[in-house]
Amino acid sequence: TQLLEQSPQFLSIQEGENLTVYCNSSSVFSSLQWYRQEPGEGPVLLVTVVTGGEVKKLKRLTFQFGDARKDSSLHITAAQPGDTGLYLCAGATSGTYKYIFGTGTRLKVLA
Amino acid sequence: NAGVTQTPKFRVLKTGQSMTLLCAQDMNHEYMYWYRQDPGMGLRLIHYSVGEGTTAKGEVPDGYNVSRLKKQNFLLGLESAAPSQTSVYFCAAEGTLDSGANVLTFGAGSRLTVL
């Protein structure tokens with residue numbers, strides 16, 4: 001069974017701090033996605049990375065796909081309360097289940 | 001601009017009762033998925049469909065059945081609910097961005113409690 005492990009599971013920080021969330025697997029993925037989920041809602045796509053070593057920036061969020069396409073990281077600069085939520089990574093494969101989701105990182109940014 | 005709509009949003013069942021969750025999409029996507037979300041376990045795939053009239057088992061299919069009679073609808077059924085099926089259920093439809101990358105669009109979820 002393919003697994004995607006995220007760390008940390010929980011993170012509580014002050015507004016303005018920086019943070020990094022990690023998504024790791026022993027499996028190779030054709031692409032990797034990051035989603036953010038707010039309470040009472042479904043996950044919403046933030047970014048898709050498809051090339052090993054790829055770095056994408058979305059305002060204060062920086063996403064990196066590992067060279068071997070087995071891991072990824074999400075870095076948030078100067079976190080704001082609006083960044084609060086559950087962050088999920090999802091690896092895409094050509095196998096049966098297609099999308100494997102990570103266990104999630106619950107982020108709380110305090111004002 | 002609904003995207004994916006799930007009904008009902010909340011439901012409480014007694015053990016042994018049956019029910020159906022409905023997922024409707026207005027994006028004309030072929031692929032649809034049913035996931036369950038439990039604390040600390042992320043999203044786990046129950047069943048999925050690659051097109052009208054086709055369904056397949058995911059990671060945790062036991063105790064659930066699905067049907068895709070129409071392209072826009074994907075139904076998830078519980079024939080005899082068990083407390084272990086207490087969870088939040090999410091439906092998703094898969095589309096393709098202009099970049100060529102695929103993306104899942106999720107519904108808002110259906111919270112099911114089995115007593």
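The numbers here are math on the coordinates, done by the rules we state, and not lab data. Because the structure is a prediction, the values reported are computed rather than measured. Every residue, glycine among them, receives a Cβ derived from its backbone with ideal geometry; neighbour counts consider all protein chains shown.
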Worksheet entry | Mean projected area (nm²) of the alpha-carbon convex hull when the protein assembly as shown is viewed from all directions | 12.3 nm²
Worksheet item: Does segment A:35-77 classify as rounded, prolate or oblate by the C-alpha gyration tensor (a ≥ b ≥ c root eigenvalues; a/c under 1.5 gives rounded; else a/b over b/c gives prolate, otherwise oblate)?
Response: prolate
Response to the item:
Quick shape summary for segment B:3-98, equivalent ellipsoid via Cα gyration tensor, semi-axes whole Å in descending order, reads 22, 14, 13
Item to complete: Mind checking A:47-60 for the average number of partner chain beta-carbons within 10 Å of each residue's beta-carbon?
Response: 1
Response to the item:
Mean separation of Cα contacts under 8 Å (at least 6 apart) over the residue count of chain B, i.e. the relative contact order in percent, is 35 percent
Worksheet item: When chain A is modelled as a GNM with alpha-carbon springs shorter than 10 Å, which of A:Ser31, A:Ser12, A:Ser73 fluctuates the most?
Response: A:Ser12
Discussion item. Only counting other Cβ atoms within 10 Å, I'd like A:Phe101, B:Phe10 sorted with the fewest neighbours first.
Written reply: B:Phe10, A:Phe101
Fill in: Relative contact order (percent, whole number), chain A, Cα cutoff 8 Å, 6+ residue spacing
36 percent
Discussion item. Give me B:Leu76, A:Leu110 sorted ascending by neighbouring Cβ count inside 10 Å, so fewest comes first.
Written reply: A:Leu110, B:Leu76
Response to the item:
Quick note, segment B:40-79: a/c under 1.5 would make it rounded; otherwise a/b > b/c is prolate and the rest oblate (a ≥ b ≥ c, C-alpha gyration tensor); here it is prolate
Worksheet item: In which sequence would B:Val4, B:Val114 go, from the one with the fewest C-beta neighbours within 10 Å to the one with the most?
Response: B:Val114, B:Val4
Worksheet item: What is segment A:44-111 by shape, rounded, prolate or oblate, if you read a ≥ b ≥ c off the alpha carbon gyration tensor as root eigenvalues and call it rounded for a/c under 1.5, prolate for a/b larger than b/c, and oblate otherwise?
Response: oblate
Practice prompt. Once you have the Cα-Cα distance between A:Lys56 and A:Glu41, take 0.36 nm times their residue separation minus that, and quote the gain in nm to one decimal.
Written response: 2.9 nm
Item to complete: Enter the mean number of other protein chain beta carbons within 10 Å of the beta carbon of each residue in A:68-76, as an integer.
Response: 0
Worksheet item: Roughly how crowded by other chains is peptide B:94-104, in terms of the mean Cβ count from those chains within 10 Å of each of its Cβ atoms?
Response: 4
